[in-house]
Amino acid sequence: MTSIFPPARVAMLGSPNCGKSALFNLLTGANQKIANYAGVTVERKSGFLKSSKGMVEVIDLPGLYSLNPRTPDEAITVNFLTGQVAGEAPPERLLVVLDVTHLQRQLRLLAALASLDKPVLVALNMMDRANPAQITAAKLSAVTGFEVVETIGVRADGAAALQQRLLASCDRPLDKPASPTRDPQALYQEWVDALGLTHVLAVTRSERLDRLVLHPLWGPCLLAVILFLTFQAVFSWAQPFMHGISAVLAMVSDLLTTWLPEGPVRSLVVNGVVAGAGTVLLFLPQILLLFAFIIVLEDSGYLPRAAFLLDRLMSGVGLSGRAFIPLLSSFACAIPGILATRTIPDQRDRTITILIAPLMTCSARLPVYALLIGAFIPNQTLAYGINLQGLVLFILYTLGIVGAFGMAFIFSRFRKAQATQSLSMELPSYHWPVWRHLALGLWQRTLIFVNRVGGTILLLMIAVWFLSSFPAPPAGATQAPIEYSFAGQLGTWLLPVFKPIGFGWQIVVALIPGLAAREVVVGVLGTVYALGGSASDISVSLAPMIASSWTLPTALALLAWYVYAPQCLSTLAVVRRETNSLKMSLFLAAYQFALAYLAAWLTYHWALRYWGL
Amino acid sequence: MDSSISSDLSDGAVVSLAALAPDRDAMVCGAPRPSLMELGFTPGARVRVIAKAWFRGPLAVRVGSDTFALRRDEAKGLIVKPIPL
């Protein structure tokens, strides 16, 4: 009865935090991002289930609370459901995911969806958790008239029954609503009464924990401790792994130097690839540690609580409380952060958030910070076991945040605020982090990073090596050969602009490809210094080399520059797409350049004066 | 307006959610904004404030099986009736 082509399309729907994305991953095997806060599914994703009977396409859509969208994110889902997306037919079937622990509100969504008059399958999720009203699939099915399958999104086999049913739907159709014309409100009330969902507010474990976590005094203290620990850990725990990678790189470099004959090929491999791209690889452990902290905080449900605690501060600078999660995502990378601003209902709030998101310290800046801190800041322990290097890293991240809030304050003066500021943010129940999600998240991060190093960064490094090696120095040259190359000439040409903030031509050369991918700065310095040195001291240990050739004020100025410097080109492209305005992305680049220059200038001159150099 | 109402906590009195004492169960009355209704703040629903952030920051409010963070201005517009202890 059902044709095999095209595949039957099932739209996966549910309110935010119902565990939809985790179920989608179990169903389709796609490795989609999962997190315990609203707004993770910023674009629709689809996956396929196949059997001998036919094929089913499952489309994961952003979560929604009702069919009246309040955010650009919810609008995506509603427009798709009602067939308002140009060139795209509405889905034929609906898979509605309900969290059994939060059934009462979610039934309202189910009642609204019933009015669409499409075949519905209900997945009753989180069946592993406490369920005081004793709701079962059979009970829910009897009351609502829809077919219901129980699922457990956190277990590897938790979606097996659902998968079977979806595949069987190729020849056993799903039920349609019994009375699609009923008023959703009346239908909802009837269901709630029939299921005996009482109005009494049971005190849950999450609520007891929230009394501490959201406490006016202890809450902010806990938040500060968590953030501080994160940056301490990024520095101290990563050390052994970094030493390991560094030793391997040194060995590879030595071996290649011995094996390859002297000449351009050896120079390209040793100076361009190993000293360049290899040096970037060194920072993988720190990036993974940072992500481990972010993933655990996401998965546990702590992040919206942090947003709650910081909301007063954010509203003080004219930001919406919903800006917190996009801003936090920007610590990984500004691009997902900017995409996540689609959960902000107000256009003005959204634009301000997009403009300041790139000031959050993205993970691509971490290698630059780590290199300079490792080279210039002594690894000593201050009082109470606080590590000085970790402290400096914490300060750099803080400077980014302070800068972002300052800019938000300025921008909000120029744009008219709406009358009532709304937050209406769900604080989901706490969950133990699922180690499978953590492992998967870190593995994806490793792949992304290694692909970047092997792709964009490697190509840029080869280009940089070429520009730094040719043309060869004229006969009787007195300086290092690189100073006569294209890169050296370009650096010298741009030097007057950057000299007032203490940058030498080597740094200027590194800043330019850094616009394409920030980590490249570290690689370029590796190549430039490896080529600049004599043939005998080619080494992958860049830190001691720059420590001996730069002054402390220069290093501090470069750190300050990197807190605010214009983002990579891909960020500017995403800003252009999301705001639909080239002017906005040019403005972003211009104000960041000005801010970075100012910060570096102030830092350089303050440091010169302070250390009396 | 809020303060005059909240000073009278006898049975039958109504207050805004922003003025409701923490840990006191109450019932939503009147006609809440549609956007709040969609979150479950419907007439008759039980609510409880579980935390108030400092410096007049947001409130964490239990409603049904959910918890939401609402800014004070949003909470001021929601009229509730404390349930006698």
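In this label model, residue A:82 and residue A:183 are separated by 2.0 nm, measuring between points 7 Å along each Cα→Cβ vector.
Angle of helix A:435-452 to the longest C-alpha principal axis of chain A, folded into 0 to 90 degrees and rounded to 10: 40°.
Give me the angle, in degrees from 0 to 90, between the Cα long axis of helix A:218-236 and the longest principal axis of the Cα atoms of chain A, rounded to the nearest 10. Result, in degrees: 50. Couplings 3J(HN,Hα) for region B:25-33, derived from phi with the Karplus relation 6.51 cos²θ - 1.76 cosθ + 1.60 (θ = phi - 60°), are 6, 9, 10, 5, 10, x, 10, x, 4 Hz, where x marks Gly and Pro.
Considering all different alpha carbon pairs of region A:257-303, the Kirkwood hydrodynamic radius works out to 13.3 Å. For every other residue with a beta carbon closer than 11 angstrom to the beta carbon of residue A:174, add +1 if it is Lys or Arg and -1 if Asp or Glu, then tell me the sum. With Lys, Arg at +1 and Asp, Glu at -1, the net is +2.
Computed from Cα atoms alone, the Kirkwood hydrodynamic radius reported for region A:223-369 is 17.7 Å. Other protein chain C-beta atoms within 10 Å of residue C-beta, averaged over B:43-54: 5. Here the 3J(HN,Hα) profile of region A:70-84, calculated from phi with Karplus coefficients 6.51, -1.76 and 1.60 at θ = phi - 60°, is 10, 10, x, 5, 5, 4, 4, 5, 5, 4, 5, 4, 8, x, 9 Hz, Gly and Pro shown as x.
For the peptides A:57-64, A:547-554, the ranking by packing is A:57-64, A:547-554, with the highest mean count of neighbouring Cβ atoms within 10 Å listed first.
Per residue of peptide B:34-40, the mean number of Cβ atoms on other chains within 10 Å of the residue Cβ is 6.
Highest mean first, the peptides A:238-249, A:373-384 sorted by other C-beta atoms within 10 Å per residue fall in the order A:238-249, A:373-384. The C-alpha atoms of region A:286-413 occupy a region whose extents along the principal axes are 46, 32, 27 Å, arranged from largest to smallest.
What's the local net charge at residue A:523, with K and R +1, D and E -1, over the other residues with C-beta under 15 Å away?
Net charge in that neighbourhood comes out at +2.
Roughly how crowded by other chains is peptide B:67-78, in terms of the mean Cβ count from those chains within 10 Å of each of its Cβ atoms?
6
Dipole magnitude for chain A: about 720 debye, using +1 per Lys or Arg Cβ and -1 per Asp or Glu Cβ, origin at the Cα centre. Using the alpha-carbon positions of the protein assembly as shown, Rg (one decimal) and Dmax (whole number) come out as 28.5, 99 Å. In this structure, the amide hydrogen of residue B:27, modeled 1.01 Å from its nitrogen in the peptide plane, lies closer than 5 angstrom to those of B:47, B:81, B:83, counting only residues at least 5 positions away or on a different chain. The loop-placed chymotrypsin sites (Phe, Trp or Tyr not before Pro) in region B:16-85, going by DSSP, that have at most 16 neighbouring Cβ atoms within 10 Å of their Cβ come out as B:54, B:55. The HN-Hα couplings worked out from phi for region A:280-286 by the Karplus form 6.51 cos²θ - 1.76 cosθ + 1.60 (θ = phi - 60°) are 5, 4, 3, 9, 4, x, 5 Hz, whole numbers, x standing for Gly and Pro.
Kirkwood Rh, Cα Rg: Rg to Rh for region B:3-82?
0.92
Check which residues have an amide H placed less than 5 Å from residue B:51's amide H, if you skip close sequence neighbours. Counting only residues 5 or more places away or on other chains, the set is B:60. Under a Gaussian network description of chain B, with springs only between Cα atoms under 10 Å, the residue in B:70, B:39, B:17 that fluctuates furthest is B:39. This ranking places A:176, A:118 by how few other beta-carbon atoms lie within 10 Å of each, fewest first, which gives A:176, A:118. Compared with the dominant principal axis of the Cα atoms in chain A, helix A:388-414 is inclined by about 60°.
All of the numbers you see were taken from the coordinates with simple rules; none came from a lab. These figures come from a predicted structure and were not determined experimentally. Reconstructed Cβ throughout: ideal geometry from the backbone, glycine too, with neighbour counts over all protein chains shown.
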